[in-house]
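A.B. asks: Just dropping this structure here.
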Amino acid sequence: MGEVTAPTLARTLYAKIWDDHIVAAKDGGMDLIWIDRHLVHEVSSPQAFEALREAGRGVRRADLTLAVADHNVPTTDRNRPIAEPESAAQVSLLASNCAAFGIEHLGMRHPDQGIVHVIGPEQGFTLPGAILVCGDSHTATHGALGALAFGIGTSEIEHVLATQTLLLRRSKSMLVRIDGTLGFGVCAKDVALAVVGALGAGGGNGFVIEYAGQVVRDMSIEARMTLCNMAIEAGARSGLVAPDAKTVAYVRGRPRAPSGADWDDAVACWATLSTDPDAVYDRTLILDGAQIAPLVTWGTSPEHVAAIDAPVPDPEAMADPVKAAAARRALEYMDLAPGIAIDGISIENVFIGSCTNSRIEDLRAAAEVARGRKVAATVHQALVVPGSGAVKRQAEAEGLDRIFIDAGFEWREPGCSMCLGMNPDKVPPGERCASTSNRNFVGRQGPGARTHLLSPAMAAAAAICGRITDVRRLEPVA
Amino acid sequence: MKAFTTLTGVAIPFGHANVDTDIIMPSRWLKKTSRYGLGPGAFEAIRTDPANVFDSERNRGAPILIAGANFGCGSSREHAAWAIADLGIRAIIAPDFADIFAGNAFKNGILLIALPQVAIDQLLDAATREDITIDLQNHTVTTASGIRFAFSTDPFRRDCLLRGLDEIALTLADGDALDCYEQWMTTNRGWRARQGLRG
């Protein structure tokens, strides 16, 4: 049990959090690690609860566990039952499992229901210096607050439920430093995509990323969530940012955040949570923020990313035969020819939402572009799906819903929605979608769907123009 | 967990880099609430092609898969590991694996073997004709014609696989350490030892 306040060796932020959570050091370099917070959703948990029952095991710390239904929930009228029988069954199974094991559950009609990675920070459930897990690969989102947060599989969910620990090996550490300042029209999503592009989809395997540098310091907490969210798209199970005054201000007063003497202790502890000056990372990547343009993906891996003003790359010009083969398959699936301009690719669907980009600042950025404009007639569906009930209420208080509706967008109820289409929100086969989500995998948004990942402002601009367009060059509203 | 010592059989020469878990197990299959019977959905989009590598007479039910770099990237869905196990696959050989998938595979008794791309290329070729033998005790992959590669594995995972250990039972045997940590934390890290529930 290392004391955070008295380091004997120069340590990274990651090492400090890790050391503070070691329950027991095991043979062969494994550590039994305490888990402070566990988020549960309906898709990855049923088999874990089933296994607990089969083994006659209980939940050790139900009070540190919070469940919410997000993947399967419809984003239309919440007063009607879920039409799809398997989705309805999965959502109702979460409710009954939580009731049986004494876990708090925010059901589909709860006012604070939302995407698991939006409600964790929003509720003050996520804390700097804590270890948080969830059966979902985008759990790194919570690293924006300086939590060590990572996605786990169902067997690990079962392990956490039964023991409130995980048996883990320490990861390697990587510093991703983004220097300078971002240009006009460039935001956290572009930085996230730039990092994935630079590292490649597997470049972060085995690493925990710490994001630092002027660009990250200048980011809001929500922008840091967007950045950390996509660590997994580079293979890193976890991404985090050292807590600062913005972090403390963000957490203060949230419903589940510490209060009284606990709050004072917490703030004192969080002040020690930065990488020591002499600490050594296993790898360092440095990017210049000023060189990052609005980015768009052209292929079927998040590493298939290019600047809005660049052409679709030519696989024949790629030196690595494995990458060239993957690019060829990707362009065939995407029905794109090498060399064509990305700016101008027509789209039929727009999705503004997901755990990457469904918070209030994302909706404000998209609404800023949508204000006074109309969605192009060639666009079949343009969805705006807030990340939580709280985000939705805030947006409506600011009149963002009216801006979207007046422009021809659909204003929906919170959930994962078209990011992975487990609910009825899907991209039809062969159609293209400008999407603020995190994955452009084959079939991700529906069988045969073609996804282009981009920022909320770029997605709104694509909706207005009916094609991917450079938001920086959008004509002003007359 | 089913113990793993040696395995000999047909290897499916799949290849392909960055195969994500959406490819291995599309999201519509995630609505299933059992870990069994997911095999029919494994690699569903690829298997719509009648000439696919998984359903040929030779490869159907094969116990070994040879894949490309960063296999299992993306979503944390353990359904991907369950589906692969349901196909009958007990070992996957690739240049490297995504972290979460690697954990999920291990917990379902699937051995992952990382070998350099040049070795993978040789195995992809050999697998079209020859059986492959994996020996976990001696850390070798051998083709029927005698091409041999040595590999290394995480010592903890190897031990669990060889002995078929249940990880939760191992952790619960550490109950005293758990109680001790929890007590220390409640006193010294009260801010994270409990939720601050307001209103």
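A.B. asks: Go through B:127, B:82, B:98 and say which Cα lies farthest out towards the positive end of the charge dipole of segment B:82-130; charges sit on Cβ, +1 for Lys and Arg, -1 for Asp and Glu.
C.D. replies: Going by the Cα projections, it comes out as B:82.
A.B. asks: On a C-alpha basis, how far is the centre of segment A:35-78 from the centre of segment B:35-56 in Å? Whole number, if you could?
C.D. replies: Cα centres, segment A:35-78 to segment B:35-56: 29 Å.
A.B. asks: Beyond 39 Å, what share of the Cα-Cα pairs of the protein assembly as shown is found? Please give it as a whole percent. Can you show the working numbers first?
C.D. replies: Working: 63970 of 228826 pairs.
For the protein assembly as shown, the fraction of Cα-Cα distances above 39 Å is 28 percent.
A.B. asks: Once the Cα atoms of helix A:154-163 and of chain A are each reduced to a long axis, what angle between those two axes, in degrees from 0 to 90 to the nearest 10, is obtained?
C.D. replies: For helix A:154-163, the angle is close to 30 degrees.
A.B. asks: In a shell of Cβ-Cβ distance under 14 Å around residue B:142, excluding residue B:142 itself, what net charge do Lys and Arg (+1) and Asp and Glu (-1) give?
C.D. replies: -2
A.B. asks: May I pose another question? With runs of 4+ DSSP H residues as the only contributors, calculate the mean residue ellipticity of chain A at 222 nm using -39,500 (n - 2.57) per run, divided by the residue total and rounded to the nearest 500.
C.D. replies: Values: 15 runs with 147 residues, N = 478.
Estimated from H runs of four or more residues: -9000 deg cm²/dmol.
A.B. asks: Under 23 Å Cα to Cα from residue A:426, which lysines show up? Leave out anything in the same chain fewer than 8 places away.
C.D. replies: Partners found: A:189, A:374, A:392, B:31, B:32.
A.B. asks: Another question about this same structure. Looking only at other chains, what is the average number of their beta-carbon atoms within 10 angstrom of each beta-carbon in A:52-64? Walk me through the numbers before you get to the answer.
C.D. replies: Values: counts 1, 0, 0, 4, 0, 3, 0, 0, 3, 3, 0, 3, 4.
Taking the mean over all residues of the peptide, I get 2.
A.B. asks: Among rounded, prolate and oblate, which fits segment A:272-380 when a ≥ b ≥ c are the square roots of the eigenvalues of its C-alpha gyration tensor, a/c under 1.5 means rounded, and a/b larger than b/c means prolate?
C.D. replies: oblate
A.B. asks: Let me ask another. Classify segment B:1-85: rounded, prolate or oblate, from the alpha-carbon gyration tensor (a ≥ b ≥ c, eigenvalue square roots; a/c under 1.5 rounded; otherwise prolate if a/b is larger than b/c)? Kindly include the intermediate steps, with their values, before the conclusion.
C.D. replies: On the way: a/c = 1.37, a/b = 1.15, b/c = 1.19.
Because its axes are fairly even, with a/c under 1.5, segment B:1-85 counts as rounded.
A.B. asks: Give the Debye-formula value of log10 I(q)/I(0) at each listed q (0.11, 0.18, 0.21, 0.24 Å⁻¹), with one equal scatterer per alpha carbon of segment A:168-275, two decimals each.
C.D. replies: Here log10 of I(q) over I(0) equals -0.39, -0.93, -1.12, -1.27.
A.B. asks: Now, a different point. What are the ³J(HN,Hα) values, in whole Hz, obtained from phi via the Karplus relation 6.51 cos²θ - 1.76 cosθ + 1.60 with θ = phi - 60°, for each residue of segment B:57-72 in sequence order, with x given for Gly and Pro?
C.D. replies: Coupling constants for segment B:57-72: 4, 5, 8, 4, x, 5, x, 10, 10, 10, 10, x, 5, 6, 5, x Hz.
A.B. asks: List the residues, sorted by chain then number, that are 5 or more residues from residue A:273 or on another chain and whose placed amide H is less than 5 Å from its amide H.
C.D. replies: none
A.B. asks: A further question on this structure: Taking the Cα centre of segment B:14-66 as the origin, how large is its charge dipole in debye, to the nearest 20, when only Lys and Arg (+1) and Asp and Glu (-1) carry charge on their Cβ atoms?
C.D. replies: Working: 7 positive and 6 negative charges, 57 e Å.
In total the dipole reaches around 280 debye.
A.B. asks: Compute the long axis of helix A:85-101 from its Cα atoms, compare it with the longest principal axis of the Cα atoms of chain A, and write down the angle in degrees, 0 to 90, nearest 10.
C.D. replies: The angle comes out near 20 degrees.
A.B. asks: If you filter segment B:148-199 for trypsin sites (Lys or Arg not before Pro), then keep DSSP loop positions with at most 14 other Cβ within 10 Å, what is left? Walk me through the numbers on the way to the answer.
C.D. replies: Values: sites: B:148, B:157, B:158, B:163, B:189, B:192, B:194, B:198; in loops: B:189, B:194, B:198.
Sites meeting the loop and neighbour criteria: B:198.
A.B. asks: Now, a different point. Given +1 on the Cβ of Lys and Arg, -1 on the Cβ of Asp and Glu, and no further charges, what dipole in debye does chain A carry about its Cα centre, rounded to the nearest 20?
C.D. replies: 300 debye
A.B. asks: Please compute the contact order of chain A in relative form: average sequence separation of alpha-carbon pairs under 8 Å and at least six residues apart, divided by the residue count, as a percent.
C.D. replies: Details: 1158 pairs, mean separation 79.5, N = 478.
Computed value for chain A: 17 percent relative contact order.
A.B. asks: Using only alpha carbons, build the gyration tensor for segment B:32-163 and give me the equivalent ellipsoid semi-axes, biggest first, whole Å.
C.D. replies: Numbers: eigenvalues 98, 78, 34 Å².
Equivalent ellipsoid semi-axes, largest first: 22, 20, 13 Å.
A.B. asks: Mean 1/r over all different Cα pairs, inverted: what Kirkwood radius does segment A:122-198 give, in Å?
C.D. replies: That comes to 14.8 Å for segment A:122-198.
A.B. asks: What shape does segment A:47-120 have by the C-alpha gyration tensor, where a ≥ b ≥ c are the square roots of the eigenvalues, rounded means a/c under 1.5, and otherwise prolate means a/b greater than b/c and oblate the rest? Walk me through the numbers on the way to the answer.
C.D. replies: Numbers: a/c = 2.56, a/b = 1.51, b/c = 1.70.
Note, shape of segment A:47-120 comes out oblate.
A.B. asks: Let me ask you something else. Take residue A:378 and residue A:320, extend 7 Å from each Cα along the Cα→Cβ direction, and tell me the distance between the two endpoints in nm.
C.D. replies: It is 3.4 nm.
A.B. asks: Sort A:185-192, B:128-135 by packing, meaning the average of other beta carbons within 10 Å per residue, with the highest value first.
C.D. replies: On the way: A:185-192: 25.9, B:128-135: 17.0.
Those peptides, ordered most packed to least, come out A:185-192, B:128-135.
A.B. asks: With a sphere of radius 13 Å drawn around the Cβ of residue A:464, what net charge do the other residues whose Cβ falls strictly inside it have (Lys, Arg +1; Asp, Glu -1)?
C.D. replies: +1
A.B. asks: Among A:324, A:422, A:123, whose Cα sits farthest toward the positive end of the charge dipole of chain A (+1 at Cβ of Lys/Arg, -1 at Cβ of Asp/Glu, about the Cα centre)?
C.D. replies: A:422
A.B. asks: Then there is this: If we count other beta carbons within 10 Å of each Cβ, what is the order of A:417, A:274, A:388, A:173, fewest first? Kindly include the intermediate steps, with their values, before the conclusion.
C.D. replies: Working: A:417 32, A:274 17, A:388 29, A:173 22.
Result, fewest neighbours first: A:274, A:173, A:388, A:417.
A.B. asks: A further question on this structure: How tilted is helix A:260-270 with respect to the longest principal axis of chain A? Cα atoms for both, answer in degrees (0 to 90, nearest 10).
C.D. replies: It works out to around 70 degrees.
Every number in this text was worked out from the coordinates using simple rules, so none of it is lab data. Computed from a predicted model, the values in this text were never measured in an experiment. Please note: Cβ atoms are built from the backbone with ideal geometry, for glycine as well, and neighbour counts cover all protein chains shown.
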